[in-house]
Structure formats: C-alpha cells, structure tokens
Amino acid sequence: MSTLITNLGSLVTNDPALGTRTAAAVVIDGDRIAWVGAAAAAPDTDHRFDAEGRAMIPGFVDSHAHLVFAGDRTAEFNARMSGQSYSAGGIRTTVAATRAATDAELEANLTRFIGEALRQGTTTIECKSGYGLTTEDEARALRIAAAHTPETTYLGAHVVAPEFKDDPAAYVDLVTGEMLDACAPYARWVDVFCEQGAFDGDQARAVLTAGVKRGLIPRVHANQLHHGPGVQLAVELGAASADHCTHLTDADVDALAGGDTVATLLPGAEFSTRAKYPDARRLLDAGVTVALSTDCNPGSSFTSSMAFCIAVAVREMGMTPDEAVYAATAGGAHALRRTDVGVVAPGARADLLLLDAPSAVHLAYRPGVPLTAAVWQGGVRKV
Ligand SMILES: [Zn+2]
C-alpha cells in the first residue's frame, strides 16, 4: 500500500543529495520511504495526501529521556524557582516513588509520555532506567521500556542507591555485576551519571567497560553541573554520545571534535534549573556533531517537547534554526547510531512530521505554539 504526500511547501530531508526542497513530495510504501522528489514528477500511488503547502521534516529523534518513573517533583521545582539550587540528590525522591509503584502504574506512565511525545512529532525515543537502583527494579524498568522502544538504556549508575550511601564501591560492584546481568537482556545501551555527587571518572569507567563486556554500547551523562572527566572518558571509550556537555574545557571540545561521540545537548535541564546553557555554537564551530534532546524526567527537565528544545537552542545556545532542526532529527539519530531515522530518503523509515507552518524555521520562530499537523510512524499515520 503506497501513499503520496504531495504539495509540501518545504521538505527537510537531512540527506546531502536531496537537500531541503520546495514544491516537494514523498511516497511511503509500507513502513519505508520509497521516493522523494518534485511534486510535479511524483509517481502514481494507491493513496494521496495533500499537504497544502505545509512543511515536512523527519520525525524527531529524542535520544535522551527518563520515562520509567512514578511520582512527581512539582514541589522541588517550585522551591528551586523560589531560589534554592538543584543538586543530584533529588533523584532519590523519584526512586522511592518508583520502587513503590506497580508494573502497571509504571507502564501507564511510560505510554502516556511516549504518546505525549508522539503527538508533538517524536517518532523515536530513547528511554533509560535509573529510578529503581535495585537489581529487580532496574530490570523491571528496562523490561517495561523494551516493550515500547528499541532504544533502552541501563542507567543503574544514575546515583548511588540510598542503601549504599556509606559504601559507594559496593554499589558500583552491584551495578557492574548482578544488576548488569539482570538488565543487559533488555538494554541496548549502558549509561552513567559522571558528576560530583554521583559517580567519579574511575567509577564511570568501571560501569561503562562492564556494560561493553556484556554487549551494551556506552553513552555518558557528562559535564552537566561541573567540569569533569565524563566527556573525555566518553570519547576514549567510543561512546555514541556524551550528554549535557554544559561545562567544557577546550580539551573536551577538541576530544569531541576528534572522535565519533555526539554531543547531546539538553536545554530543558538548564531551563528547568535556571542554569547556564551549553554553548552549541562553540561545538558546531569545532566540527562536533550535535544532537538536541529533551532529557524528559520529573526532576530536572519535565518536557517532552523537541520543538521547545529547538526554540531554546536557537534563542540561547547560538544555533541557527536549520542547525537546531537537524540536531533534533539527524543529530539524535547519530547519537543512537541509527541511519534509518532522522532522514527523509528512499529506504529510510517513514517517520514523518508535517508542520502546521510553511517552513521548519517556525519551530523556533513560533515558540510554544503547537505546530503538529500530522505524524507518520513506520508509514502509519498516528496523528
Ligand atoms: Zn538524563
């Protein structure tokens, strides 16, 4: 069954050969894109959709989210916005609520957030564990997540579990041993929060190398709150992504520019903690591949809106609108080592976002305005 989407006022393909086109059309066949070109030259298809001059981009690829949790941190946010500062320990509030929740409650929350993201154009979403911090609770978080996305990340090393606060080395042993064994079957990635108050460079290295030995691919929460070893460790270990990258030395930027690790920027976190934004311009000018993601989580960035992240990145982080849209689609795909998403080209997954706007610039130009006109995921119209 094939569908022609025609009369696209603008089409962002992220494909160097196809470029950004006007008066364009796309053909979907099954779950894939079969053809991209000029509307006037489109082939015959079973069905036809008239986009009436609207803009189309690849579905957003949100490569960093924490969606298996219970509870709410409204009070913490409210306190912080009233003058108190954020520290990594707030995670423990969510850990207590998550442990107390049933599987059904966690899954209902997860599907609610995935649906919320889909309605805003996110067709690929990564999901981390990290609010269980016991072998059983981390494994169930990943088991639940794996039923809804292939991009699952083992983050037992989110923060030291409260039971181990006087013996963090024993917790690292658990995370790299029994907990990893229980989680690895449900995870594609291994992640660690490398930060003061969470895990230091040596502990992060132990977590990541243990994960790699179990077949997981590393990604790192790095340099969010302070300078530290996270970014350079990520590059050294061939991580797919170093996430946050807010506090970078010149050596950190050089390492990213010289390696294959994507810098994933998460402006929702700085927005929600009134912190300094990462300098995307500095990274782009150095030749680093940049992704934008939501970091959707109840503590430090409770947004599922990629459009919001684009608007903030353009206004506060020195990105052009084109660069920000690329980072939120193809950049996220790079950060997940995916070549089938984040691009509109023959053979790619038919994950498409039609905007209620004549160009993708409107994502930054019209902040806070719902611009989703239609969403296709795997060739199926979902919105
Ligand atoms: Zn995160």
Next item on the list: On each of the three principal axes of the Cα atoms of the chain, give max minus min coordinate, whole Å, ordered largest first.
Entry: 68, 44, 43
Margin query: Along the Cα→Cβ direction, 7 angstrom out, place labels at residue 23 and residue 316. What is the inter-label distance in nm?
Written below: 4.1 nm
Item checked: Cβ charges +1 (Lys, Arg) and -1 (Asp, Glu), total dipole of the chain, debye -> 700 debye
Check: Within the accessible area of the chain, what % is carbon and sulfur when the probe is 1.4 Å and the other protein chains stay in place?
Finding: 51 percent
Margin query: Would you work out the Kirkwood radius for the range 281-365? I mean one over the mean of 1/r across all pairs of different Cα atoms, in Å.
Written below: 13.7 Å
Item checked: trypsin sites (Lys or Arg not before Pro) restricted to DSSP loop in the range 155-259 with at most 12 other C-beta within 10 Å -> 165
Margin query: For the chain, what does the accessible surface come to per residue with a 1.4 Å probe? Please give it in Å².
Written below: 38 Å²
Next item on the list: Could you rank 304, 85 by how accessible they are, 1.4 Å probe, largest area first?
Entry: 85, 304
Next item on the list: Please give, to one decimal in nm, the separation of the simple spin-label points placed at residue 226 and residue 381, each 7 Å out from Cα toward the Cβ.
Entry: 5.4 nm
Item checked: Euclidean distance between Cα centres, the range 153-226 to the range 341-383, Å -> 35 Å
Next item on the list: Could you work out the mean projected area of the convex hull around the alpha carbons of the range 87-246, in square nanometres to one decimal?
Entry: 8.9 nm²
Notebook entry, point to check: What full-extension length gain, to one decimal in nm, is calculated for residue 103 and residue 212 as 0.36 nm per residue of separation minus the Cα-Cα distance?
Noted result: 36.4 nm
Notebook entry, point to check: Residues in the range 34-48 near a label at residue 1, defined as backbone nitrogen under 20 Å from the 7 Å Cα→Cβ point?
Noted result: 34-35, 43-48
Item checked: Within the chain, percent of DSSP bridges classed antiparallel, to nearest 5 -> 45 percent
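The values are calculated or read from the model by the stated rules, or taken from the named source; none is laboratory data. Source: prediction; values computed, not measured. Quick reminder, even Gly has a Cβ in these numbers, built from the backbone with ideal geometry, and neighbours come from all protein chains shown. The protein model used for the area step is the full one, side chains on, heavy atoms only, and it has no ligands, DNA or RNA in it. Shrake-Rupley method; radii C 1.70, N 1.55, O 1.52, S 1.80 Å.
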